[in-house]
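S.K.: The structure follows.
The values are calculated or read from the model by the stated rules, or taken from the named source; none is laboratory data. Everything quoted here is computed from the prediction, not taken from an experiment. Cβ coordinates were reconstructed from backbone atoms using ideal geometry, including for glycine residues, and neighbour counts include every protein chain displayed.
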Amino acid sequence: KPFDLKTSTQVVEVLRIFDSNGDGMLDGDEIAKVADILAASKEKKLDDKGNHTGEISIRAFPEAVRESIAMFDLDDSGFVDSSELISEAKALLTMQKENRRMKIAIVAGVCVLVIFSIAMFAMTFTVIKITEQ
């Protein structure tokens, strides 16, 4: 969706993404990143009829995130489209849920081990006290 330049809040919000140090200003390096992305975004993937496919070139992203974004490129085309991003986002959410379940299982397992250890200590202590009498 194109940005309405009359609405400065949209432009500010987009530019805020590139403010890597969070100082509220864009320095030379940050402006260079914006320029790189704008230049890379001119590289459009076209279909057989010459229409833009809506895919985003991986080179359009800052160098720091290109490798991560490249993992979303399921067909190794050098571009990511919305279906690839949605697919990977769903996979990420599923993995996060599974990670939460695993953390809960690990914590529960550790708790059981601690309880068993305490019980074993208590039983050993009790046996020692009984045999002393």
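S.K.: Please determine, by comparing only the residues of segment 76-113 that are exposed (fewer than 11 other Cβ atoms within 10 Å of the Cβ) and among the acidic types (Asp, Glu), which one is farthest from Lys33 (Cα to Cα).
M.R.: Among those residues, the one meeting the criterion is Glu98.
S.K.: With modelled with pLDDT under 75 and in contact with a Lys or Arg (Cβ under 7 Å, 6 or more places away or on another chain) as the only criterion, which of Ala64, Ala40 stands out?
M.R.: Numbers: Ala64 fails: in contact with a Lys or Arg (Cβ under 7 Å, 6 or more places away or on another chain).
Being modelled with pLDDT under 75 and in contact with a Lys or Arg (Cβ under 7 Å, 6 or more places away or on another chain) holds for just one of Ala64, Ala40, which is Ala40.
S.K.: For segment 86-133, which positions are hydroxyl-bearing (Ser, Thr, Tyr) and closer than 29 Å to Asp73 by Cα?
M.R.: Of everything in segment 86-133, those that are hydroxyl-bearing (Ser, Thr, Tyr) and closer than 29 Å to Asp73 by Cα turn out to be Ser87, Thr94.
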